[in-house]
Amino acid sequence: MSRPIPPSLVVVGSVALDILHTPHGSAGPVLGGSAVHFSNAASFFTTVGVVGVVGDDYPHKELEFLRRRRVDLSGVESQQGQSFLWEGRYLDGFVARETIRTELGVFADFHPILPEHYRKPRILFLAAIHPGLQQSVLKQVERPRLVAIDTFKLWIDVARKEFLKVVKQTDLLFVNDDEVRWLTGEHNLIKGAQTLHKMGPRWIVVKKGEHGSFLSGPQGVSLTCAFPVNHVVDPTGAGDAYAGGMLGYLAAQKTMSDASFRQAMAWASVVGSFYVEGFGPDGLKDVSRTVLNRRYREFRKMVTLP
């Protein structure tokens, strides 16, 4: 038997099912979870290994499209019980979101164990899971070239000390604008990012939804607008897809220069724009690399100064 090929990029996060209600209709259960959305995007650029857990009710056949796109799912553990299920509703033109129910199922006892061939990735992405679990993963890998994490307010509320410990070991932190203000007390996002740098990360990506994002790093601040989308169907997973597009591109580069980071953000914006055009992963699921490249060229024309 041949030895498995180590992936360049490893993601640790949730593999879930979502029931979605938006102004354009309802869908579900559909594939969901941070690791699914992330790997869906990152697989356009590099090999990806996924670490997660599902119950015995999970529709594994629906993940075949990821396997066809160089995603290694051998790190997804199957346990007896119910898969993580989230049901939510978007209101007021997608400005507000409410959770109808969250059933953690087997994810409640998730203790990520990385397969041996996952332990030397170029890039490691720790999705928005409990900081204690993020810390346990860091102990299982040889130091990657880049460690990136995502988070959200709940985990920082319940495990702030653990979060601060993890973020000290992080090279790149993904946060949204509200999280920056909440974490730092700074209303000005640039000042907030500067405060976050003092916690450890060399790079900070601040996501602002339809208003784009910016990168704060050693070379200063770089801005990227969002690709304009006429028909938003479902924004679920777009942030994870953005991270996947960015880190997938970086994992495929020989060097991680300031220019490569800015290019990665442009690709991330393009990938994220497809994501909101369908329910769950469907907006990007059947997109070809040719179509992706075409939109990237359109994006470059939009943002290039005369």
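The values are calculated or read from the model by the stated rules, or taken from the named source; none is laboratory data. Remember, predicted model here, so these are calculated numbers, not experimental data. For neighbour counting, all protein chains shown are included, and Cβ atoms are generated from backbone atoms with ideal geometry for every residue, glycine included.
Against the definition (modelled with pLDDT under 95, farther than 14 Å from residue 107 by Cβ and of a type in the set (Gly, Ala, Ser)), how does residue 75 come out, yes or no?
In short, no.
Check 170, 151 and return the single one that is within 14 Å of residue 13 (Cβ to Cβ) and either among the polar types (S, T, N, Q) or touching a residue at least 60 places away in the same chain (Cβ under 8 Å) (or both).
Values: 170 fails: within 14 Å of residue 13 (Cβ to Cβ).
Checking each option against the conditions leaves just 151.
Are there any strands (runs of 3 or more DSSP E) wholly within region 201-306 with 2 or more residues that are under 26 Å from residue 16 (Cβ atoms) and without any contact (Cβ under 8 Å) to a residue 60 or more places away in the chain, and if so which?
203-207
Within the bounds of region 134-150, is there any residue that is under 30 Å from residue 25 (Cα atoms), surrounded by fewer than 20 Cβ atoms within 10 Å (Cβ to Cβ) and not aromatic (Phe, Trp, Tyr)?
We begin by selecting, within region 134-150, every residue under 30 Å from residue 25 (Cα atoms); these are 150.
So of that shortlist, the ones also surrounded by fewer than 20 Cβ atoms within 10 Å (Cβ to Cβ) come out as none.
Among the residues of region 134-150, not one is under 30 Å from residue 25 (Cα atoms), surrounded by fewer than 20 Cβ atoms within 10 Å (Cβ to Cβ) and not aromatic (Phe, Trp, Tyr), which makes the answer no.
Look through 266, 259 and report the one residue that is touching a helix residue (DSSP H, G or I) at 6+ places or on another chain (Cβ under 7 Å), surrounded by fewer than 23 Cβ atoms within 10 Å (Cβ to Cβ), small (Gly, Ala, Ser) and over 28 Å from residue 163 (Cα atoms).
Numbers: 259 fails: touching a helix residue (DSSP H, G or I) at 6+ places or on another chain (Cβ under 7 Å).
The unique qualifying residue is 266.
Tell me, which residue of region 187-223 that is surrounded by fewer than 21 Cβ atoms within 10 Å (Cβ to Cβ) and hydroxyl-bearing (Ser, Thr, Tyr) is modelled with the highest pLDDT?
Here the residue is 195.
Please give the number of the condition residue 28 fails out of (1) at pLDDT 95 or above; (2) in a strand (DSSP E or B); (3) within 27 Å of residue 277 (Cβ to Cβ).
Among (1) at pLDDT 95 or above; (2) in a strand (DSSP E or B); (3) within 27 Å of residue 277 (Cβ to Cβ), residue 28 violates only (1).
Going by the conditions given, is residue 10 among the β-branched types (Val, Ile, Thr), buried (at least 21 other Cβ atoms within 10 Å of the Cβ) and not in a strand (DSSP E or B)?
Details: among the β-branched types (Val, Ile, Thr): yes; buried (at least 21 other Cβ atoms within 10 Å of the Cβ): yes; not in a strand (DSSP E or B): no.
So residue 10 fails the test.
Can you find a residue that is closer than 21 Å to residue 281 by Cβ, in a strand (DSSP E or B) and touching a Leu at 6+ places or on another chain (Cβ under 9 Å) anywhere in region 147-156? Working first, answer last.
Restricting attention to region 147-156, the residues satisfying the condition of being closer than 21 Å to residue 281 by Cβ are 148, 150, 152.
Of the ones still in play, those that are also in a strand (DSSP E or B) are 148, 150.
Applying the additional criterion that residues be touching a Leu at 6+ places or on another chain (Cβ under 9 Å) yields 148, 150.
Looking through region 147-156, at least one residue is closer than 21 Å to residue 281 by Cβ, in a strand (DSSP E or B) and touching a Leu at 6+ places or on another chain (Cβ under 9 Å).
Just to check your reading of the model, which residue among 120, 161 is more than 18 Å from the chain's Cα centre (by Cα) and free of Cβ contacts under 8 Å to residues at least 12 places away in the same chain?
161
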